[in-house]
Amino acid sequence: MSDKNLQEKENSEEEIKVTTDEKTEVTEESKSEESTSEEETTEEKGVVKEAAKEVEAEETFETKDKEEEAIEENDTDEEEDEESEEEEEEELDYHALSKKELITELKKLLKDKPIQSIKNAVEEIRSEFNSKFQEELEQKKEEFLATGGNIIDFHYTTPLKKEFSSLYFDYKEKRNNYYKSLKRDLQDNLSKRLELIEELKGLLNMEENINTTYKHFKEIQEKWHVAGAIPRDKYNTVWNTYHHHVENFYDFLHLNREFRDLDFKHNLEQKLKIIGRAEELAQEEDMNKVFRELQMLHKMWKEDIGPVAKEYRDEVWDKFSAATKVIHDKRQAFMQELEAEFEKNYEVKKQQIQQIEEITKNTKSNHKAWQNAIKAVQEIRDAYFETGKVPKDKNKEIWKAFKDTTRSFNHAKNSFYKNQKKEQFENLAKKQELVKIAEENKDGDDFAVITPLMKKIQQDWKKIGHVPRKDSDKIWKLFKNACNHYFDRLHAEKNEANKEELANFESKEALLKEVEALTLSGDNDADLKLIKEAISKWKDIGRVPYNKKNIDQKFNKVLDGLFGKLKLNKKEVEMIRFENKLNALASQEDDRKLQNEKFFISKKITEIKGDIRQLENNLGFFQHADQNNPLVKEVHNNIKRQKEQLDVWKQKMKKIKSL
């Protein structure tokens with residue numbers, strides 16, 4: 001090297017040399033990832049972090065401390081946005097989905113999402129599916145054992161369970177293959193980067209035109225940017241080695257000021273374009289779109305564009321920082337407005353969760369109440385998801401509270417219906433017993449005994465309540481058929497009896513005419529005998545159709561007229577009339593009317609006894625009075641009349657009991 005060249009090197013050294021304090025440091029994001037990796041033990045988690053290093057492996061050399069801090073702050077905001085998006089994606093209430101819906105959701109994830117990004121969602125779906133299937137399994141086991149099955153013989157699965165297991169197996173296979181492939185790619189990328197470093201080292205020893213060498217250097221840089229991620233444990237060593245040889249090349253390049261200035265000029269043009277675009281972004285209103293593009297600009301500034309001349313470095317960076325600050329300030333104001341709205345949403349969601357808790361606590365233990373509760377909770381859930389975002393630091397808290405509250409409601413609901421199932425099996429046993437009674441009596445001929453029994457078991461059936469749905473129609477048909485069989489026979493029997501009753505009616509009509517035409521002789525004994533013979537004939541004829549029974553009233557009216565013409569004592573006439581009335585009631589085969597008559601007689605006996613006691617007590621006030629006193633005589637006469645009436649009513653009670 002000539003003395004002139006050495007002097008030029010010394011004069012220009014400050015202008016073109018990239019000093020050691022400008023060497024890129026590991027960003028805060030990388031440190032954060034390294035800290036996180038210490039907590040992760042599985043190989044695939046480490047591979048994910050290695051893939052995330054791809055961007056870091058493309059750092060430029062010009063960044064000063066203040067640039068790194070600002071750019072890393074921007075990256076931190078980006079990470080926060082990404083975390084927020086991840087949290088939003090997690091806000092899916094898989095617990096509320098059916099097993100079929102969970103399968104649909106798993107299929108959707110496998111189809112639409114990268115296999116490495118769905119682990120948490122898949123595991124939550126799997127947990128919910130297994131929980132729901134386990135509940136179904138326990139229910140089927142109880143039913144199996146309730147019907148006399150042996151637990152050793154119990155086995156249960158469903159097409160949905162098989163489909164889910166198959167999908168989950170496919171997921172595990174794809175995930176394992178992905179990480180195997182990723183690990184292999186990382187090793188391949190490492191080999192590529194080591195080859196590029198060797199190629200970079202060789203540039204200093206090549207005896208070729210400087211234009212060709214510089215072009216070759218730019219090609220190596222381009223290849224380095226797209227070489228991809230490498231194994232984590234090799235990252236720092238490879239990165240530092242690459243930087244070392246790049247610096248060596250720039251030291252070598254200072255020998256040719258033309259190429260140095262050309263590179264600086266190109267980088268300045270690119271950075272001015274970025275500044276111009278950042279200033280344009282500051283005027284736009286869609287802050288989400290603006291911020292995403294700003295992040296992209298910072299990435300380009302940091303990774304894709306090299307250094308500029310020393311005299312421009314602070315100026316271009318200050319301009320870019322100023323444009324960035326304008327956007328950050330607007331975003332901060334925008335975020336403050338959003339935070340206020342998010343706080344309102346947070347309070348609304350707290351109230352919605354409290355409403356679900358109140359419903360869970362106050363729902364009554366019946367089917368209708370729980371159906372209304374299910375509808376109300378579904379409306380609250382829909383409103384919850386429509387309410388909007390909450391502050392980021394409260395998102396996990398409120399989402400966990402919502403899921404826990406919803407799970408508590410569903411647990412209470414499931415417990416109720418599980419107990420309902422138990423009651424339904426008990427109801428089934430009761431109804432099976434009623435079916436047995438109906439079957440045993442449906443062909444019986446003792447209609448007087450069996451008819452009340454069949455009516456009673458029908459009333460009992462109505463009181464029992466629900467049975468398992470799969471048994472409901474079957475058990476009802478058995479019971480209905482047995483009852484219908486019996487009552488069809490009963491109606492057929494009654495139809496035969498109706499023919500006989502019509503004949504009885506005709507006979508009574510004829511006898512009624514005879515009695516109406518009867519002429520008394522004036523001899524009480526002979527006339528009484530004649531009347532009693534007519535009553536006996538009437539009794540022997542039997543019952544008439546229900547709609548013709550007023551003929552008995554006509555007959556009794558005629559008898560009353562005849563008895564009025566006889567010279568009989570009142571008691572004897574009363575008993576003859578009562579006996580005739582009892583015969584009419586008995587012929588109707590209506591126990592209820594006989595019971596009513598018996599109750600009436602019993603009530604009259606009690607009343608008369610009470611009246612007699614009262615009259616006898618009244619006599620106590622007249623102990624020293626003359627027995628010929630009109631008032632005393634009247635009391636004695638009343639007691640006598642009441643005792644005569646009491647004797648008549650006792651005779652009636654005796655008669656009715658004899659029936």
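The values are calculated or read from the model by the stated rules, or taken from the named source; none is laboratory data. A quick note: this is a predicted structure, and the numbers were derived from the prediction, not measured. FYI the Cβ positions are ideal-geometry reconstructions off the backbone, even for glycines, and counts take in every protein chain you see. Keep in mind that these areas ignore ligands, DNA and RNA; they rest on the heavy atoms of the full protein, side chains included. Shrake-Rupley method; radii C 1.70, N 1.55, O 1.52, S 1.80 Å.
At a glance:
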{"read-out": "Carbon + sulfur, % of accessible area of segment 334-377 - ligands and nucleic acids excluded, 1.4 Å", "value": "51 percent"}
{"read-out": "Separation between Cα centres of segment 134-149 and segment 271-289, rounded to whole Å", "value": "66 Å"}
{"read-out": "Burial order of peptide ranges 405-415, 438-448, 292-302 (average beta-carbon count within 10 Å, highest first)", "value": "292-302, 405-415, 438-448"}
{"read-out": "Calculated FRET value between Ser521 and Arg577, using beta carbons and R₀ = 25 Å, to 0.05", "value": "0.70"}
{"read-out": "Surface per residue (accessible, 1.4 Å probe) for segment 94-246, Å²", "value": "58 Å²"}
{"read-out": "Given Lys289/Lys310; Lys141/Lys421; Lys548/Lys603; Lys141/Lys364; Lys132/Lys418, the pairs whose alpha carbons are separated by over 23 Å", "value": "Lys289/Lys310; Lys548/Lys603; Lys141/Lys364"}
{"read-out": "Between segment 380-441 and segment 502-541, the Cα center-to-center distance that results, in Å", "value": "75 Å"}
